[in-house]
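Trainee: Have a look at this one before I ask anything.
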Amino acid sequence: MSPSPKTGPVDVIRDGALKAIIWENDGENGVYFSTVLARTYEDADGRLRDTHSFNGSELLRIAELARRAYENVTAFRAELNHQHKADPEESLSDDYHHAM
């Protein structure tokens, strides 16, 4: 499997101004996913900005976004594992590292 150029997140899950941004990363042990939780707001100059601070009424919505992001990352990992199993060059050790 050849590396593909990364141009943006693999997924963005939204709930109003709240979002979970899922990134695919390449590390020493293969591909892994990271998720950023954020709230978008407009600053005094009219520019859109993200913050990672949430008020009490947003916490349950953030928790739901995190749950949905977990489900999506699990599906992305399963797809990667399926692709690697189709490659007979991969070893069991490689499969183990990809599952992490």
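Trainee: Under the condition of being among the acidic types (Asp, Glu) and either in contact with an Asp or Glu (Cβ under 7 Å, 6 or more places away or on another chain) or not in a loop (DSSP other than H, G, I, E, B) (or both), which residue from the range 27-68 is nearest to GLN83 (Cα to Cα)? Before the answer, list the steps.
Mentor: Our first condition is that a residue be among the acidic types (Asp, Glu); within the range 27-68, this holds for 28, 42-43, 45, 50, 58, 64.
Remaining after also requiring either in contact with an Asp or Glu (Cβ under 7 Å, 6 or more places away or on another chain) or not in a loop (DSSP other than H, G, I, E, B) (or both): 42, 50, 58, 64.
On the way: GLU42: 41, ASP50: 34, GLU58: 37, GLU64: 29 Å.
Filtering first and then ranking leaves GLU64.
Trainee: Given the conditions (1) modelled with pLDDT under 95; (2) touching a strand residue (DSSP E or B) at 6+ places or on another chain (Cβ under 8 Å), and given that ALA99 satisfies all but one, which numbered condition is not satisfied?
Mentor: Condition (2) is where ALA99 drops out.
Trainee: How many of the residues in the range 37-69 are surrounded by 14 or more Cβ atoms within 10 Å (Cβ to Cβ), of a type outside the set (A, V, I, L, M) and free of Cβ contacts under 8 Å to residues at least 24 places away in the same chain?
Mentor: Of the residues in the range 37-69, 1 are surrounded by 14 or more Cβ atoms within 10 Å (Cβ to Cβ), of a type outside the set (A, V, I, L, M) and free of Cβ contacts under 8 Å to residues at least 24 places away in the same chain.
Trainee: Right, another one. I'd like the residue in the range 17-40 that is over 19 Å from TYR70 (Cα atoms) and of a type outside the set (Asp, Glu) and, out of all such residues, is modelled with the lowest pLDDT.
Mentor: Applying the first criterion (over 19 Å from TYR70 (Cα atoms)) to the range 17-40 yields 17, 27-29, 40.
Now drop any that are not of a type outside the set (Asp, Glu), which leaves 17, 27, 29, 40.
Numbers: ALA17: 98, GLY27: 93, ASN29: 90, THR40: 98.
Per the criteria, the residue is ASN29.
Trainee: Hey, another quick one. Which count do you get for residues in the range 1-16 that are at pLDDT 95 or above and surrounded by 10 or more Cβ atoms within 10 Å (Cβ to Cβ)? Spell out the reasoning first.
Mentor: Here is the first cut: in the range 1-16, the ones at pLDDT 95 or above are 9-16.
Cutting the leftovers down to surrounded by 10 or more Cβ atoms within 10 Å (Cβ to Cβ) gives us 9-15.
Total satisfying the criteria: 7.
Trainee: Next up: Working only within the range 6-21, note down all residues that are hydrophobic (A, V, I, L, M, F, W, C), touching a residue at least 40 places away in the same chain (Cβ under 8 Å) and in a strand (DSSP E or B).
Mentor: Going residue by residue through the range 6-21, those that are hydrophobic (A, V, I, L, M, F, W, C) are 10, 12-13, 17-18, 20-21.
Restricting the remaining residues to those that are touching a residue at least 40 places away in the same chain (Cβ under 8 Å) gives 10, 13, 18, 20.
ILE13, LEU18, ALA20, listed by residue number.
Trainee: Considering each of GLU24, GLU71 in turn, give the residue that is of a type in the set (Asp, Glu) and assigned to a helix (DSSP H, G or I).
Mentor: Details: GLU24 fails: assigned to a helix (DSSP H, G or I).
Result: GLU71 is the single residue among GLU24, GLU71 that is of a type in the set (Asp, Glu) and assigned to a helix (DSSP H, G or I).
Trainee: Take ASN81 and decide whether it is modelled with pLDDT of 90 or more and surrounded by 12 or more Cβ atoms within 10 Å (Cβ to Cβ). Spell out how you get there, then give the answer.
Mentor: Numbers: modelled with pLDDT of 90 or more: no; surrounded by 12 or more Cβ atoms within 10 Å (Cβ to Cβ): yes.
So ASN81 fails the test.
The values are calculated or read from the model by the stated rules, or taken from the named source; none is laboratory data. Quantities reported herein were computed from a predicted structural model and do not represent experimental measurements. With ideal geometry, Cβ positions are generated from the backbone for all residues, glycine too; neighbour counts draw on all protein chains shown.
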